[in-house]
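Rule-based calculations on the coordinates, nothing more; no lab input. Note that the coordinates shown come from a computational prediction; the quantities given were computed from them, not determined experimentally. As a convention, Cβ positions derive from the backbone with ideal geometry for all residues, glycine included, and neighbour counts pool all protein chains shown.
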Amino acid sequence: MAYSFQITSPDAYKLAYEKSVMDPQGFWADIAQNFFWRKKWDKVLEWNFKEPRIEWFRGGKLNITENCLDRHLGTIGNKPAFIWEPNDDETDARILSYRNLHFKVMQFANVLKNNGVRKGDRVIIYMGMVPELAIAVLACARIGAIHSVVFGGFSAQSIADRLHDSQAAYIITQDGSLRGNKTVPLKDIIDDALVQCPFVRKCIVLTQARIPVSMIKGRDVWWEDEIKKVESQGNPDCPAEEMDAEDPLFILYTSGSTGKPKGVVHTVGGYMVYTAYSFVNVFQYRPEDIHFCTADIGWITGHSYIIYGPLLAGATSLIFAGIPTYPDAGRLWDVVAKHKVSILYTAPTAIRSLMGYGEAPFEGKDLSSLRVLGTVGEPINEEAWHWYKKHAGADKLPVVDTWWQTETGGVLISNLAGITPEKPGYATLPLPGVQPVLMDENGKELEGNDVSGNLCIKFPWPGMLRTTYGDHERCRTTYFSTYDNLYFTGDGAYRDENGMYRITGRVDDVLNVSGHRIGTAEVENAINMHHGVVESAVVGYPHEVKGQGIYAYIVLENPDDTHLSEQDIMKTVTRLIGAIARPDKLQFVPDLPKTRSGKIMRRILRKIAEGETANLGDTTTLLNPEVVEQIITGRL
Ligand code: PRX
């Protein structure tokens, strides 16, 4: 399906950009009219960043699944919508055509209805990378239920926190999920979470790993049994619920500077328009493409560029259940060659970890189907960028470095593959419709080029978050109160002499570990829960493969406590958040450096963790300057 909004030359980019600034409403209306609306919008945009109140396509009525599925049936019904490549290379791949997917989504939407799920209900989805995860997501959207996918690496406690925050009464999960040589017992983990959540009414369980699970009568039902019931009811249809453009589509929890993850809310109309627009333009989508995004559907990248963006464009999207290094480090290239992947979209961490295996994993692999390479999730170092371009791209394919966030819904700053210039380490230029600005610490905009500052966006775009679930004030204070009338990203950036952006990393207390966003306060809270810990401070430090590693400084109640081992504390973090938040380094310290008002001096701790011990600045104003030397001595 060709879209009129595809930008196909550098001049067209400039024109589109100018139009998007001069006449944003006209610009977005032109794009939005490419979709199927049951009723057209009355107003393109209503906004103020003070409250904030952001409404796109007000009065418009639609269902996103009609745009992802029904709309394509007459033209590309038999085209693969999803290709599923399993964890191991012996199980057969599965292909779901648009027609097939449409059928399965309606079928499962009827399962949800049979189990009492209604429009506006929240549904937590905790699954591995199987096509049924995408089916569950789309089935929720079909009936207007709000999905909240929780990444399969999160712990029972994290799930319980999300269940409480969203007051979700429904869960979709599976017995277990196979990843590499591990089986993650998803249903067991859900059972642990549900001990604290008596309000959960139904838990639908897919059979996948075939491991034993306990099923609670009345609450837990098997996916397969429920499908059979729907089949016996005889009517395969499930009409799409009519949604307002501004009705919530999903909640996705993400970490911030406080201890509690927040539920970022995206709405139906704007998210649809923005994910399709950004997908088509950034990757320069062509109908024959096989698009392979290696992210997990539990993160925003999977939502926007495995499910929604590609399906809206009528693309074929590959869902990979495994990991790049199983059964060996050539697996990613095997998948590319096997399915003739044309767009590969992955994370710098994956690239850096594969770099460690050298060139051997490429041997004998035909990568000639590749056309576009992409990265996302963290700053990419130049070395990794060049390696990726050389080995995966034969030094000639475009590499798009796409900067965006859970909150932005889709890519905001990136080159458009082969159309606008690329520069190693740079996300480069904003997409038309996106107006970035750099601000200094005093709230002054940094104009001109060759400047560094805090990255903000000064005008709304359709894919932006609307609120944080159940706590609008938190949305305001986190994103809209640092600078007047601007959305603050939490990232720092440099704008070079040509106006290209390089993202330098978070300027708040958020870490980016292997592309996973983790709040230092969350990790500290978890460590502090451990018996015998008085307090802790967590900072990031440069890590060769993960981008950032987690460094934890810990003060014990009794410094000679020999019972307290590193392992115990790691276990607590794993239990409370998940293995992704386990510190890479744990240092027991006598005290933390504090100001006279009792504030922990993280700046000093960060420098020590980074190994910059000679350059700590003035420490004489500290309450306890002597502790700094002791910490340096014990540095890991
Ligand atoms: O710091 C930026 C980094 O990832 C953060 C957003 O994380 P999350 O919401 O989990 O979404 C990740 C996938 C979109 C950003 O604030 N980040 C994301 N992409 C890039 C990046 N940093 C540098 N370059 C990128 N291309």
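Worth a mention:
- Segment 169-232-segment 58-73 distance, computed between alpha-carbon centres (Å): 30
- Dipole axis of segment 1-134 (+1 Lys, Arg; -1 Asp, Glu on Cβ), positive-most option in 131, 86, 48: 48
- Alpha-carbon centroid distance for the pair segment 394-445 / segment 263-311, whole angstrom: 16
- Over segment 97-241: Kirkwood hydrodynamic radius from C-alpha pairwise inverse distances, Å: 15.1
- What the pair-distance distribution of the chain shows, using all Cα-Cα distances binned every 20 Å from zero, is 19, 55, 25, 1 percent.
- P(r) tail fraction, segment 1-84 - alpha-carbon pairs more than 20 Å apart, %: 52
- In the chain, a dipole from Cβ-located charges (positive for Lys and Arg, negative for Asp and Glu) runs towards its positive end, and of 381, 13, 443 it is 13 whose Cα lies farthest in that direction.
- Value of Rg to Rh for segment 513-633 (Rh from inverse mean 1/r over Cα pairs, i.e. Kirkwood): 0.96
- Taking Cβ atoms as reference points and 14 Å as the exclusive limit, the residues near residue 485 contribute a net charge of +2, counting Lys and Arg as +1 and Asp and Glu as -1.
- log₁₀ of I(q)/I(0) at q = 0.24, 0.30 Å⁻¹ - segment 334-375, Debye sum with one point per alpha carbon: -0.95, -1.15
- Overall Cα dimensions of segment 166-308, principal axis frame, Å, largest first: 48, 48, 38
- Loop-resident trypsin sites (Lys or Arg not before Pro) (DSSP state other than H, G, I, E or B) in segment 32-71 with no more than 14 further Cβ atoms inside 10 Å of their Cβ: 38, 40, 50.
- Neighbourhood net charge (15 Å Cβ-Cβ; Lys/Arg +1, Asp/Glu -1) for residue 216: -1
- The HN-Hα couplings worked out from phi for segment 298-309 by the Karplus form 6.51 cos²θ - 1.76 cosθ + 1.60 (θ = phi - 60°) are x, 10, 4, 4, x, 4, 7, 10, 10, 9, 5, x Hz, whole numbers, x standing for Gly and Pro.
- Residue-averaged 222 nm ellipticity for the chain, from DSSP H runs of 4+ at -39500 (n - 2.57), nearest 500: -8000 deg cm²/dmol
- Segment 513-633, relative contact order in percent, only Cα pairs under 8 angstrom and at least six apart counted: 23
- Take each peptide in 436-448, 110-122, count the other Cβ atoms within 10 Å of every residue, and average; sorted highest first, the result is 110-122, 436-448.
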